[in-house]
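Structure first, commentary second.
What follows draws every value from the coordinates through simple rules; no lab data is involved. Owing to the predicted nature of the structure, the values given are computational and were not obtained by experimental measurement. Positions of Cβ are generated from backbone atoms using ideal geometry, with glycine treated the same way; all protein chains shown enter the neighbour counts.
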Amino acid sequence: MESYTPTTVGIWQRALAQPALSVAAAHVWRASLDPGQRGLAALAQFLSPDERSRASRFQFQRDRDRFVAARGILRVILGGYVGASPDQLTFSYGPRGKPFLAGTGTGLLRFNLAHSQGLALYAFAPDGNIGIDMEALRPVPDAEQIVDRFMSPSERAEFHSLPGDQKPRAFFHCWTQKEAFIKAVGDGLSLPLDRFDVRVAPDKPAGLLRIDGDSESARHWLMQSLYPAPGFLGALACDRPHALVLWEWNGSEP
């Protein structure tokens, strides 16, 4: 891991066909969750009865439509990786709700997703643990109270040492890394947010520094900042030395 220095700003490539996922790479896709009525109808046909039922529980139409889009896009991309029809995929869920592909023939493919407002990110790796998070940058009036309550001592100290104008972005820089790591370890490990340390200063690259005070165990993890769109900030956590490839969802089945 020490020899791999990921870039913090990458190019989101348009996928003209389904890309292959090599053992040395992790893929992140970004996608709009507002594909229009025709696009939404095409994606809706791939959902399972359970997913349709879950969609119907949303109070507002926009939230229902974005849930349908998020799940439909996930199914299309996953189907491309494993060579299966999107509507034939079956999901199972771990004790903490993390989804994974059920059945044989799916290999060790791991995936995770995050969404904020009308934008979604999907992360895929050929094996290992992977987690992704994204937030729309916005005012958080109680940011300092959240930091004091949930972050580690070193993170709190670094956050409070920053100039006031850097704190809003530092909050999301830290928070997205924390969430990505928690989502990556998911069902295999549960850690309170204050038991691992990430970089806080917004002008420094993302990084997992310590897990339960141990810097050596943190070295095996890739923590990557993501900039999916203006006004959004994300992070990817992965416990394998994967190179990162960024893809743009093209609105149709690859």
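Data table
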{"quantity": "Spin-label model distance (nm) - Ala243 vs Gln59, 7 Å beyond Cα toward Cβ", "calculated": "4.8"}
{"quantity": "Two-decimal ratio, the stretch 1-147, of alpha-carbon radius of gyration to 2.2 N^0.38 Å", "calculated": "1.13"}
{"quantity": "At 0.692 mPa s and 37 °C, Stokes diffusion of the stretch 89-186 via Kirkwood alpha-carbon radius, µm² per second", "calculated": "213"}
{"quantity": "Unit Cα scatterers, Debye sum, the stretch 52-127: log10 I(q)/I(0) for q = 0.11, 0.13, 0.18, 0.27 Å⁻¹", "calculated": "-0.30, -0.42, -0.79, -1.43"}
{"quantity": "Alpha-carbon gyration tensor eigenvalues x 5, square-rooted, for the stretch 116-163, Å", "calculated": "28, 17, 9"}
{"quantity": "Helix-derived mean residue ellipticity, 222 nm - over the chain, DSSP H n ≥ 4, -39500 (n - 2.57), to 500", "calculated": "-9500 deg cm²/dmol"}
{"quantity": "Rel. contact order, % - alpha carbon contacts under 8 angstrom, at least six apart, the stretch 1-145", "calculated": "24"}
{"quantity": "Within the stretch 78-158, trypsin sites (Lys or Arg not before Pro) in DSSP loop having at most 13 other beta-carbon neighbours inside 10 Å", "calculated": "Arg96"}
{"quantity": "Convex hull projection area averaged over all views, the stretch 171-254, Cα basis, nm²", "calculated": "7.0"}
{"quantity": "Relative contact order %, the chain, counting alpha carbon pairs below 8 Å whose residues are six or more apart", "calculated": "28"}
{"quantity": "Spatial separation of Cα centroids for the stretch 63-86 and the stretch 188-243, in angstrom", "calculated": "27"}
{"quantity": "DSSP H segments from the chain that extend 18 Å or more along their own axis, Cα-based, with Kyte-Doolittle mean of -0.5 or above", "calculated": "61-82, 167-185"}
{"quantity": "Those lysines that a straight Cα-Cα span of less than 23 Å connects to Lys183, excepting residues fewer than 8 apart in one chain", "calculated": "Lys98, Lys204"}
